[in-house]
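Report on the following structure.
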Amino acid sequence: MSARSVVIVGGGLTGALAALSLARDGHRVQLYERRGDIREAEVVRGRSINLAISTRGLTALERVGLKETALEISVPMRGRQMHDPSSRLSFQRYSGNEDDKIYSISRGELNRILLAEADRSDLVTLHFHHRCIETDSDQSSVTFIDDRSGDQIVASGDLIIGADGAFSAVRSSLMIGDRFDYQQDYLSHGYLELYIPPGPEGAFRIEKNALHIWPRNTFMMIALPNDDGSFTGTCFWPLDGQYSFDQLKDPDQVRRFFQKWFPDVPDLVPDLGEQFLAAQPSSLVTVRCRPWVVGNTVLIGDAAHAVVPFYGQGMNAGFEDVRILCECLEAHPGNQKAALVSYEELRIDNGHAIAGLALDNFHEMQDHVASRWFLWTKKFSNLLQKILPGWYRPLYSMVSFSNTPYTEAIEIHRKQQRVLKYSLIIILAALIGAVFWIVRNR
């Protein structure tokens with residue numbers, strides 16, 4: 001393989017994995033991050049949604065030898081634990097296969113691990129406090145400001161990778177050029193995190209191996225386990241209007257609201273009112289753009305396809321971008337242009353597909369998961385998976401527990417639904433015909 005010089009903008013999860021992966025493949029990497037080194041930062045709770053890592057993300061980590069390390073700091077979740085308005089509980093398995101799990105993992109801790117591993121490589125140089133102000137795709141260069149000194153730095157390389165998140169500066173530079181499509185859509189809902197402390201001696205105070213959901217039609221709360229016995233709760237509520245964040249102004253209002261709608265939560269969060277009012281709700285945005293490749297500049301992760309968190313696939317899709325980009329570079333060792341074309345063809349429609357699935361799952365999680373019809377269909381789907389393992393594959397399982405491309409998973413799901421629909425019609429017609437024949441021949 002011909003070694004390349006690579007400039008990566010963004011040192012979050014996807015950028016750090018890209019630096020490590022490319023260095024393992026023999027490329028020399030310069031990584032620039034706008035913020036300081038997260039390894040030296042104080043942990044601040046309430047700033048980012050807990051992450052769920054599943055097969056796609058684990059496959060990318062396995063490629064760099066970090067799958068087991070990630071699993072050691074994660075908590076497996078076998079399904080959803082539903083909390084109804086009367087505090088009654090019901091459990092929904094993710095899959096008919098009992099080995100299928102997703103894992104709750106600390107965003108910050110995983111980011112630290114990836115940066116530390118990248119930093120150990122002689123082929124990686126990390127630069128912090130460097131803010132991207134311009135990307136020149138024609139010259140394969142990026143201009144940064146060192147926010148500590150004010151100095152301007154120009155970095156160039158054979159390949160420029162934009163991994164700088166939903167509000168990507170690299171993407172903004174590309175948008176100045178011709179024929180660059182961009183779409184940004186905000187949900188009317190935002191999110192706010194709550195810390196649920198562990199019980200005595202680090203005990204889990206609610207079911208450890210589950211994603212907890214309090215669905216309330218137009219708003220909801222979820223909680224993911226942490227490995228120290230605590231949970232990270234996240235409220236997904238409207239940003240204004242009925243049942244919104246801005247309706248609650250003082251600790252008493254907060255506690256009364258939770259006692260009415262989430263009655264088991266106040267006992268789990270002793271400082272509920274103080275936590276809630278000290279935090280600021282954050283927005284939820286979906287970003288779609290095209291192309292992802294301009295010259296020698298390529299977008300990955302949220303810079304290419306920011307998605308809302310309701311399918312647990314944001315990080316997983318970004319990590320899959322990294323794996324497939326590296327595989328394309330391996331497959332075309334002397335032809336970077338062909339490698340980038342192949343990467344874009346393999347990923348862009350899939351990135352748009354998971355954006356749509358995540359939005360669909362938002363409506364499912366806040367409302368449908370609590371309905372009897374949904375519970376019945378979920379059980380039926382898991383049953384079909386068990387009795388028809390060679391044919392029936394639930395959409396959720398294909399997305400979360402395989403590396404099947406998102407677009408392919410959607411198409412398989414649609415075909416299965418059509419077959420099931422027509423099979424049901426034929427069965428019903430046969431039953432009606434049998435009843436009619438019996439009645440006529442009595």
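The values are calculated or read from the model by the stated rules, or taken from the named source; none is laboratory data. Keep in mind that this is a model prediction, so the values were computed, not measured. Every residue, glycine as well, gets a Cβ built from its backbone with ideal geometry; the counts of neighbours run over all protein chains shown.
Is it the case that GLY57 is more than 20 Å from ASN226 (Cβ to Cβ), modelled with pLDDT of 95 or more and in the same structural domain as ARG323 (by TED's automatic domain parsing)? No, not satisfied. Can you find a residue that is in a helix (DSSP H, G or I), in contact (Cβ under 8 Å) with a residue 12 or more places away in the chain and under 18 Å from ALA163 (Cβ atoms) anywhere in the stretch 278-301? No, every residue in the stretch 278-301 fails to be in a helix (DSSP H, G or I), in contact (Cβ under 8 Å) with a residue 12 or more places away in the chain and under 18 Å from ALA163 (Cβ atoms). A Cβ distance below 8 Å, combined with a sequence gap of six or more or placement on separate chains, defines the contacts here; from the stretch 234-254, residues that are in contact (Cβ under 8 Å) with a residue 60 or more places away in the chain reach residues that are in a loop (DSSP other than H, G, I, E, B) and crowded, with 19+ Cβ neighbours inside 10 Å in the pairs THR234/ILE49; THR234/ASN50. Quick check on ASN111: is it of a type outside the set (D, E, K, R), closer than 30 Å to ILE153 by Cβ and in contact with a Leu (Cβ under 7 Å, 6 or more places away or on another chain)? Yes, satisfied. Among residues of the stretch 60-75 that are surrounded by fewer than 18 Cβ atoms within 10 Å (Cβ to Cβ), those with a Cβ under 8 angstrom from a residue that is at pLDDT 95 or above and hydrophobic (A, V, I, L, M, F, W, C), sequence gap 6+ or separate chain, pair up as LYS67/LEU58; LYS67/LEU61; THR69/LEU61; THR69/ILE113; LEU71/LEU58; ILE73/ILE105; ILE73/LEU110; ILE73/ILE113.
Which of the residues that make up the stretch 169-184 are in a helix (DSSP H, G or I) and within 21 Å of ALA339 (Cα to Cα)?
Restricting attention to the stretch 169-184, the residues satisfying the condition of being in a helix (DSSP H, G or I) are 169-175.
VAL170, ARG171, LEU174, listed by residue number.
Condition check for ALA166 on (1) in contact with an Asp or Glu (Cβ under 6 Å, 6 or more places away or on another chain); (2) surrounded by 15 or more Cβ atoms within 10 Å (Cβ to Cβ); (3) touching a residue at least 40 places away in the same chain (Cβ under 8 Å); (4) farther than 19 Å from GLY301 by Cα: one failure, at (4).
Within the stretch 220-259, the set of residues being more than 28 Å from GLY202 (Cα to Cα) and touching a Pro at 6+ places or on another chain (Cβ under 8 Å) comprises TRP237, LEU239, SER244, PHE245.
If only residues of the stretch 306-330 that are β-branched (Val, Ile, Thr) and within 8 Å of the chain's Cα centre (by Cα) are counted, the one that is farthest from TYR343 (Cα to Cα) is VAL308.
For the stretch 131-140, the set of residues classified as under 16 Å from SER172 (Cβ atoms) and either of a type in the set (A, V, I, L, M, F, W, C) or touching a strand residue (DSSP E or B) at 6+ places or on another chain (Cβ under 7 Å) (or both) consists of ARG131, CYS132, ILE133, GLU134, THR135, SER137, listed by residue number. Only residues that are under 24 Å from ASN382 (Cβ atoms) and part of a loop (DSSP other than H, G, I, E, B) were counted in the stretch 55-109, giving 12. Inspect all residues belonging to the stretch 282-304 and state whether any of them is within 30 Å of PHE204 (Cβ to Cβ), surrounded by fewer than 21 Cβ atoms within 10 Å (Cβ to Cβ) and in contact with a Ser or Thr (Cβ under 9 Å, 6 or more places away or on another chain). Yes - at least one qualifying residue is present in the stretch 282-304.
Filtering the stretch 26-54 to residues that are assigned to a loop (DSSP other than H, G, I, E, B), at pLDDT 90 or above and surrounded by fewer than 20 Cβ atoms within 10 Å (Cβ to Cβ) leaves GLY26, ARG34, ARG35, GLY36, ASP37.
Taking (1) more than 27 Å from ALA60 (Cα to Cα); (2) surrounded by 14 or more Cβ atoms within 10 Å (Cβ to Cβ) in turn, LEU159 satisfies each apart from (1).
In the stretch 177-192, is there at least one residue being touching a His at 6+ places or on another chain (Cβ under 8 Å), among the small types (Gly, Ala, Ser) and in the same structural domain as GLU274 (by TED's automatic domain parsing)? Don't jump to the end; show me each part of the working.
Just the residues of the stretch 177-192 that are touching a His at 6+ places or on another chain (Cβ under 8 Å), to begin with: none.
There is no residue in the stretch 177-192 that is touching a His at 6+ places or on another chain (Cβ under 8 Å), among the small types (Gly, Ala, Ser) and in the same structural domain as GLU274 (by TED's automatic domain parsing).
Mind telling me which of the residues GLU117, GLU134, GLU98 ends up being out of contact with any Lys or Arg (no Cβ under 9 Å at 6 or more places or on another chain) and within 30 Å of PHE204 (Cβ to Cβ)? Give the derivation first.
Numbers: GLU134 fails: within 30 Å of PHE204 (Cβ to Cβ); GLU98 fails: out of contact with any Lys or Arg (no Cβ under 9 Å at 6 or more places or on another chain).
GLU117 is the lone residue from the list that is out of contact with any Lys or Arg (no Cβ under 9 Å at 6 or more places or on another chain) and within 30 Å of PHE204 (Cβ to Cβ).
Which residues, counting only those in the stretch 169-185, are over 16 Å from ILE348 (Cα atoms) and of a type in the set (Asp, Glu)? If the condition is that a residue be over 16 Å from ILE348 (Cα atoms) and of a type in the set (Asp, Glu), then ASP178, ASP185 are the ones that fit. For the stretch 13-39, a residue qualifies if it is under 11 Å from GLY162 (Cα atoms) and either among the aliphatic types (A, V, I, L, M) or out of contact with any strand residue (DSSP E or B) (no Cβ under 7 Å at 6 or more places or on another chain) (or both), and the qualifying residues are THR14, ALA18, LEU31.
For VAL285, the conditions (1) within 30 Å of ARG323 (Cβ to Cβ); (2) touching a helix residue (DSSP H, G or I) at 6+ places or on another chain (Cβ under 8 Å) are fulfilled apart from (2).
Do we find a residue being within 18 Å of VAL308 (Cα to Cα), assigned to a loop (DSSP other than H, G, I, E, B) and not hydrophobic (A, V, I, L, M, F, W, C) anywhere in the stretch 226-247?
Scanning the stretch 226-247, I find no residue that is within 18 Å of VAL308 (Cα to Cα), assigned to a loop (DSSP other than H, G, I, E, B) and not hydrophobic (A, V, I, L, M, F, W, C), so the answer is no.
Output the residues belonging to the stretch 255-264 that are touching a residue at least 40 places away in the same chain (Cβ under 8 Å) and either closer than 15 Å to ALA279 by Cβ or not in a helix (DSSP H, G or I) (or both). Matches in the stretch 255-264: PHE262, PRO263, ASP264.
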